[in-house]
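I have placed the structure first, in the form of structure tokens, so that the comments after it can refer back to it.
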């Protein structure tokens, strides 16, 4: 038996990462931690849906269930 969980937040991240004109965004975790994505090289979403965040000082592999929301500059305006 195979279970495939689909997280819409993953699709949102992929859309933002692959947009023709990249706009920085923030990944907000349920813990309240904020991960700033200043360019598309900082964040990767694997084919299996795992999120890899690398800010240049350390890399982290995140389960998508930890992501609460995606914030953009336009969403705060």
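Worth pointing out:
- Ellipticity at 222 nm from helices only: DSSP H runs of n ≥ 4 in the chain, each -39500 (n - 2.57), divided by the residue count, give -4500 deg cm²/dmol.
- Once you divide the Cα radius of gyration of the stretch 30-77 by 2.2 N^0.38 Å, the number left is 1.18.
- Among 25, 7, the ranking by other beta carbons within 10 Å of each residue's beta carbon, starting with the fewest, stands as 7, 25.
- Taking Cα atoms only, the orientation of helix 8-17 departs from the longest principal axis of the chain by about 40 degrees.
Rule-based calculations on the coordinates, nothing more; no lab input. Because the structure is a prediction, the values reported are computed rather than measured. Reconstructed Cβ throughout: ideal geometry from the backbone, glycine too, with neighbour counts over all protein chains shown.
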